[in-house]
Amino acid sequence: MSGFYLTTAIDYVNGRPHLGTAYEKITADVIARYRRLCGVPTQFVMGNDEHSQNVYQRAREMGLEPLVFCDQMEQAFREVWAKLDVSFDDFIRTTEERHQVAVTTLVREIADAGDLYEGEYEGWYCVSCEAFKQDKDLVDGECPTHQTRPEWIKEKNHFFRLSKYRDRLLAHYEENPNFLQPVARRNEMLRLLEGGLQDISISRTGQSWGIPLPFDPSSVVYVWFDALINYIAAVGYGTDETRFDAWWPADVHVVGKDITRFHAVVWPAMLMSAGIALPRRVFGHGWVNWEGQRMSKSLGTSVDPLQAADRFGPDPLRLYLVKEIAYGQDGDFTWERFEERYNVDLANNLGNLVNRVAVMVHKYRDGRVFGVPGVSAELEPLADDAVRRYRVAMDEYRLHDGMATAFDLVDATNQFIARCQPWALAKQPNRGAELDQALFEMVEAVRIAA
């Protein structure tokens, strides 16, 4: 059986993750758990992006060597993911040797393809984004994501011939309509490609924190070019050819909508240059807003995911984020809505159903239930249909619809109980088989919904 390889974006470690960051990891974890539930060998990779200048500056502010700071932040991030019950299979750091080998190997391959050249970059650079910006990318002279004015820089750089791959990328989008989802992200990138691409800088000069270019030790690999390569480094590129052949290409990269361009344009072009297969899909999820405003550490509008999980536990938080936010769209988090959905969905709906079924099973059959051949199964076909719709939704990355099918089954089970009235059947000895079948179907429905 072929495996399923999914990744999330790796995270800058200049601060602890907020709920918006956790949203990506939780939804990717939902996908990974679904694949494992289907019996598919799954490799789920997350990690930390450590060669950012923001990380370097933060370490210096704390009086630490950058690597020592990154070691500390790895533990901080792992603690958050453990408390949120995120079941990644591998956690990669860009300071690891396996990643540095992969970066050096891929850069050489791209250079050997004739797709790197030396030039001079002059223009805007957003330090928070760690990204070069054109005038058209700015709003009133500011980065629209971080609402800060970027720096004007001028330096010698090495450039990647991104413009060379415009037509090949357009052809790939046409031949693979599901390569980038949801449709809104695909349309954005198609407009970008149709407008033409500019070559991009892949290096920074005068910096020691980073991976040196193999042919120019005075420059380090630009952090975004470096970071993207983690996806192949994690499965053995440059270090374990057998493992790489077994897991690559990735089945899906789960990333935020603000970094879709890097993953759906720059990254596939890099792979094309090196002659490596492209990921099968990129999914650009929306943002989790805090009372209508984007969550951001730099903007001071973030929610601590551990505080949210401590309120009711990690599973209710997971339920809220998956059920309340249509996957691929933006959603909003408020403490009031979180508590409301906890009470309505879990306490009153699912929780009440589980309690009712458990009480009746123990009261009428001492905790043991079994199906009765020949007795009409009313709830079973509804459960089968819910499973079918759930699998279709999950295969199409409609996580919210998948969650909705589970609660459709909860509702159907409550309605079934109201119709068949097990308490009335229990008073009629000649209808014991009907009671057995009804209890069995109720328990099965709860198991499947859960």
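Where a number appears in this text, it was derived from the coordinates with a stated rule and is not lab data. Values in this document were obtained by computation on a predicted structure and should not be read as measured data. Cβ placement follows ideal geometry from the backbone for every residue including glycine, while neighbour counts extend to all protein chains displayed.
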task: Provide the gained length on full extension for the span Tyr117 to Thr242, in nm with one decimal, where the gain is 0.36 nm per separating residue minus the Cα-Cα distance.
output: 41.8 nm
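Convex hull over the alpha-carbon atoms of the chain: what's its volume per residue in Å³?
Values: hull volume 72.1 nm³, N = 450.
Cα convex hull per residue, to the nearest whole number: 160 Å³.
What ranking do Thr242, Thr95 get, fewest neighbouring Cβ atoms within 10 angstrom at the top?
Working: Thr242 8, Thr95 20.
Starting with the residue having the fewest Cβ neighbours, the order is Thr242, Thr95.
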field: Gap separating the Cα centres of the stretch 155-203 and the stretch 98-153, nearest whole Å
entry: 15
statement: In whole angstrom, the spacing between the Cα centers of the stretch 339-378 and the stretch 1-46 equals 32
query: Which of the trypsin sites (Lys or Arg not before Pro) across the stretch 330-391 are loop residues per DSSP, with 16 or fewer other Cβ within 10 Å?
result: Arg368
message: Just want the ordering: Val103, Val303, Val265, from fewest to most Cβ atoms lying within 10 Å of their own Cβ.
response: Val303, Val265, Val103
message: Between the stretch 405-450 and the stretch 322-336, what is the separation of their alpha carbon centroids in Å?
response: 32
task: Quick one: among Asn157, Asn414, Asn430, which has the greatest mean-square fluctuation in a GNM of the chain with alpha-carbon springs under 10 angstrom?
output: Asn430
- request: Might you report the magnitude of the Cβ-based charge dipole of the stretch 334-449 about its Cα centre, with Lys and Arg at +1 and Asp and Glu at -1, to the nearest 20 debye?
  value: 440
task: Return a whole-number percent for the relative contact order of the chain, with Cα pairs under 8 Å and 6 or more residues apart as the contact set.
output: 16
statement: Contour minus Cα-Cα span, Asp258 to Glu65, at 0.36 nm per residue, comes to 66.5 nm
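Placing +1 at every Lys and Arg Cβ and -1 at every Asp and Glu Cβ, with all other atoms neutral, what dipole size does the chain have around its Cα centre, in debye to the nearest 20? Spell out each step's value before the answer.
Details: 49 positive and 66 negative charges, 199 e Å.
Rounded to the nearest 20 debye, it is 960 debye.
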task: Restricting to the chain, compute how many DSSP beta bridges are antiparallel as a %, nearest 5.
output: 50
- line: Of His51, His253, His362, the most mobile residue in a GNM of the chain (C-alpha springs, cutoff 10 Å) is His362
task: Lys and Arg at +1, Asp and Glu at -1: add these up for the other residues within a Cβ distance under 11 Å of Asp226 and post the number.
output: -2
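When the chain is fully extended, how far beyond the present Cα-Cα distance does Val354 get from Val392, taking 0.36 nm per residue of separation?
Details: separation 38, 0.36 × 38 = 13.68 nm, distance 2.59 nm.
Stretched out fully, the Val354 to Val392 stretch lengthens by 11.1 nm.
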